[in-house]
Amino acid sequence: MQNFNSINIDNLYNRIANLIENAKKNVAIKVNNEITLLYWSIGKDITENVLNNQKAKYGKSVIKKLSKRLVVEYGKGYGERNIFRMLKFYDYFPNFEILSTLSTKLSWSHFVEILQIQDKLKREFYVTMCANELWSVRTLRERIDSALFERTIISKKPEQTIINDLQLLNRESRMSTNLFFRDPYILDFLDLKDTYSEKDLENAILSELERFILEMGNDFAFIARQKRITINGEDYYIDLLFYHRKMRRLVVIELKLNKFIPEYKGQAELYLKWLDKYEKIAGEESPIAIILCASKNDMLTELLELDNSGIHVAQYLTKYVSKEIWNQKFINIIEKAKIQLEQRKNDGDKK
């Protein structure tokens, strides 16, 4: 017979508490899933049976009367504003199978943030990244506010490339460099002074490694700092070395305090070739590099054809930039990129 006096009450409590917390978490996930599907079903019913698939504004009076009765019986969650969200929800996500899968990863609160995005491709980007990287609602909001889509290289690519890369991530859990590379990177959390050295920048990144990785993206693992490589008896040092699981490749990060100059390309190429020969293992893709600079000249980087070398040059910002400035800045950049793509296509057709 067991001696009850010998039972460790702390261990027993911790085991039972874990069971309770896990059950609560599972219940919360299930409730969120059911609520999301319920709101989608409400949007579908009203759209098809009341609005006859017309725009929601045409049934505004009906929705107003309906919401008043629902609020009395079921609470503020069925107010007029939220019902209009449900209509938009069904409009943006009409495929139930896709929505059903997403609802296991994203809560209604996630979708409320996503529903504010008008552009379909941009919306698809945030849905895909959020579902794959399991962002919290707060992280999703921060990503949208920091113009992540516009900062990601994919936003400057043709529409079909964007679709293909997102599908690759969804179906095969493989991330392209287009989705990974960004410009600029936001490092305002480093809290750097007005003057700092490359070592200060490196130290700040390592002391805030979790937030740095969050800016770079999930599936990003730290490997080494100042990794030494030796070539013909001479030592070279890679500032920071990471590994990205979904891309299955090593990622070199070189930190520069000044503007980008062509010599940095040669340095990065040397590191990549060494890593490709001596560090890459079976099943991995070739290493890539990010050169983070205080500023860069787009014409210079384009002439150097860095993409062919697996090298990406990006500016880093250590100060907060408002959402309004981001929006205007990137609208101009993306429009310029689209014009250049169209021009190249036309030049190709003429040939």
Requested in this report: Say whether the condition of being outside any helix (DSSP H, G or I) and under 25 Å from Ile311 (Cα atoms) is met by at least one residue in segment 118-138.
Outcome: no
Requested in this report: Pick out the one residue from Leu270, Leu303, Leu275 that is closer than 16 Å to Phe222 by Cα and over 20 Å from the mean Cα position of the chain (by Cα).
Outcome: Leu275
Requested in this report: Specify the residue that is surrounded by the most Cβ atoms within 10 Å (Cβ to Cβ); the eligible residues are those in segment 214-264 that are among the aromatic types (Phe, Trp, Tyr) and not in a loop (DSSP other than H, G, I, E, B).
Outcome: Tyr264
Query raised in the report: If you scan segment 316-330, which residues turn out to be surrounded by 15 or more Cβ atoms within 10 Å (Cβ to Cβ) and either polar (S, T, N, Q) or at pLDDT 85 or above (or both)?
Result: Tyr316, Thr318
Report summary line: Pairs returned, first residue in segment 264-290 that is free of Cβ contacts under 8 Å to residues at least 40 places away in the same chain, second residue that is acidic (Asp, Glu) and not in a helix (DSSP H, G or I), beta-carbon separation under 8 angstrom, 6 or more apart or interchain, are Gln267/Glu254; Pro287/Glu279; Ala289/Glu254
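Please determine whether any residue of segment 189-201 is outside any helix (DSSP H, G or I) and within 19 Å of the chain's Cα centre (by Cα).
Checked against the condition, which is being outside any helix (DSSP H, G or I) and within 19 Å of the chain's Cα centre (by Cα), segment 189-201 yields no hits at all.
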Query raised in the report: Do you know which residues across segment 295-314 are in contact with a strand residue (DSSP E or B) (Cβ under 6 Å, 6 or more places away or on another chain) and either β-branched (Val, Ile, Thr) or loosely packed, with under 15 Cβ neighbours inside 10 Å (or both)?
Result: Ser295, Thr301, Ile311, Val313
Query raised in the report: Which one of these does Leu187 not meet: (1) within 24 Å of Arg85 (Cα to Cα); (2) touching a helix residue (DSSP H, G or I) at 6+ places or on another chain (Cβ under 8 Å)?
Result: (1)
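Could you tell me whether Asp165 is closer than 22 Å to Asp307 by Cα and either assigned to a helix (DSSP H, G or I) or touching a His at 6+ places or on another chain (Cβ under 7 Å) (or both)?
Answer is yes for this residue.
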Report task. Answer with yes or no whether Arg81 is crowded, with 16+ Cβ neighbours inside 10 Å, in the same structural domain as Arg69 (by TED's automatic domain parsing), among the basic types (Lys, Arg) and out of contact with any strand residue (DSSP E or B) (no Cβ under 7 Å at 6 or more places or on another chain). Result -> no
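The values are calculated or read from the model by the stated rules, or taken from the named source; none is laboratory data. The structure displayed is predicted, hence computed values, not measured ones. Every residue, glycine as well, gets a Cβ built from its backbone with ideal geometry; the counts of neighbours run over all protein chains shown.
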